[in-house]
Amino acid sequence: MHPKDSFSTVDEYIALYPPAIRKNLQLIRKTIRQAAPDAEETISYMMPAYRLHGMLVFFSAAKTHYGFYPGASPIPVFKEKLKDYDTSKGTVRFPVDKPVPTKLIKEIVKFKVAENKAKDALKSKAKKK
């Protein structure tokens, strides 16, 4: 949907899309930033991405859905809440014709923050030994 290498910031990525899509991409971005205010915003794998004690989540837009990529660990944890969405190993697809589930995105991002902090603490502990 967008030409590769035509953007280097999340603002530039979002600007590539039509207004209706742009509005929901901004909403997803805002939701992630509220859930993880200390996360670093970047572009990775040609998508907006967030890093805090390691990678947190990515998001993107496609013709029929918004891709949300929290990695594999949250998918089974949030299985019940994700039952209305198409999912695969580390991917959730939110249909473009339905409201963006901001509460669910926030919960998953907070889960990832806690998970990354715990992994980071274990690494720090291991280094001290």
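What to note about this one:
- Test: residue in the range 3-15 that is part of a helix (DSSP H, G or I), charged (D, E, K, R) and either buried (at least 17 other Cβ atoms within 10 Å of the Cβ) or touching a Phe, Trp or Tyr at 6+ places or on another chain (Cβ under 6 Å) (or both): no
- Number of the exception - Val92 against (1) modelled with pLDDT under 95; (2) within 15 Å of the chain's Cα centre (by Cα): (1)
- When Val100 is tested against (1) surrounded by fewer than 15 Cβ atoms within 10 Å (Cβ to Cβ); (2) aliphatic (A, V, I, L, M); (3) touching a residue at least 40 places away in the same chain (Cβ under 8 Å), exactly one condition is not met: (1).
- Taken over the range 111-129, the residue count meeting the criterion of being surrounded by 15 or more Cβ atoms within 10 Å (Cβ to Cβ) and more than 18 Å from Ser60 (Cβ to Cβ) is 4.
- Among the criteria (1) crowded, with 18+ Cβ neighbours inside 10 Å; (2) under 13 Å from the mean Cα position of the chain (by Cα), the one Phe78 does not fulfil is (2).
- Pairs where the first residue, in the range 43-72, is touching a residue at least 60 places away in the same chain (Cβ under 8 Å) and the second is buried (at least 23 other Cβ atoms within 10 Å of the Cβ) and assigned to a strand (DSSP E or B), C-beta under 6 Å, 6+ apart: Leu56/Tyr50
- The range 38-69, subset surrounded by 15 or more Cβ atoms within 10 Å (Cβ to Cβ) and either on the phi > 0 side of the Ramachandran plot or among the charged types (D, E, K, R) (or both), residue modelled with the lowest pLDDT: His53
- Positions within the range 76-124 being within 19 Å of Ile21 (Cα to Cα), part of a loop (DSSP other than H, G, I, E, B) and hydrophobic (A, V, I, L, M, F, W, C), in sequence order: Val96, Val100
The values are calculated or read from the model by the stated rules, or taken from the named source; none is laboratory data. A quick note: this is a predicted structure, and the numbers were derived from the prediction, not measured. Positions of Cβ are generated from backbone atoms using ideal geometry, with glycine treated the same way; all protein chains shown enter the neighbour counts.
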